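All remarks here apply to the structure that follows.
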Amino acid sequence: MTAKEYNSCVDSFADGLYRFALKTLGDADGANDVVQDCFERLWVKRENVDFAKVKSYLFTSAYHACIDIIRMNKRSGAMDEASEISLSTTAQYSDLQEVLHEALKKLPEVQRSVILLRDYEGYSYEEIGGITGLNESQVKVYIYRARIALKQYIGQLETVI
């Protein structure tokens, strides 16, 4: 990869990578650090990374960096599945975006990551599997469970309106 191709990658993928890291971590400074680390790793390995696969490489690096940060901070604890108690709300919200952000924060790290990659970034199941190291069936199950948990969190329409 040439310096020109690298700069093109930064221009093309920095915003999407930042959005993914921000939604995964919920911390702007942490998201900036993840993006910078990913592009630093790309620069160091630029000779070994195929230009056609740069996007996948960057999102895989970001995914692993976010997981490392989450585990280090123990934000999500040892929770494998979102419990119904933590995913219910009685508060009245007027903004669906606010409700979705709160619901995403409560999801386990794997479910949050696959939902963000699928619904926010538009990756296919196969691409998500490549990024996360899961097989396609596992990706589908995690996405299904995350969507069920999000539906339970949002609850009835009166909560949102």
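Structure notes:
- With neighbour counts taken as other beta-carbon atoms within 10 Å, the residues Tyr153, Tyr63 rank, fewest first, as Tyr153, Tyr63.
- Sorted fewest first by neighbouring Cβ atoms within 10 angstrom, Thr60, Thr24, Thr132, Thr2 come out as Thr2, Thr60, Thr132, Thr24.
- Checking the cross-link pairs Lys53/Lys140; Lys4/Lys53; Lys4/Lys55; Lys55/Lys140; Lys55/Lys151; Lys45/Lys106 against a 27 Å limit on the alpha carbon distance flags Lys55/Lys151; Lys45/Lys106 as lying beyond it.
- Summing charges over neighbours of Tyr57, with a neighbour being any other residue whose Cβ is under 11 Å away from its Cβ, gives +4 when K and R count +1 and D and E count -1.
- Anisotropy class of the stretch 96-160 from Cα gyration tensor, a/c 1.5 cut: prolate
- Inter-part distance where the stretch 19-69 and the stretch 99-131 are each reduced to a Cα centre, Å: 15
- Above 20 Å, the calculated P(r) of the stretch 3-73 contains 23 percent of its Cα-Cα pairs.
Coordinate-derived values only; no laboratory data. What you see is a predicted model, and the numbers here were worked out from it, not measured in a lab. Neighbour counts run over all protein chains shown; Cβ positions are idealised from the backbone, glycine included.
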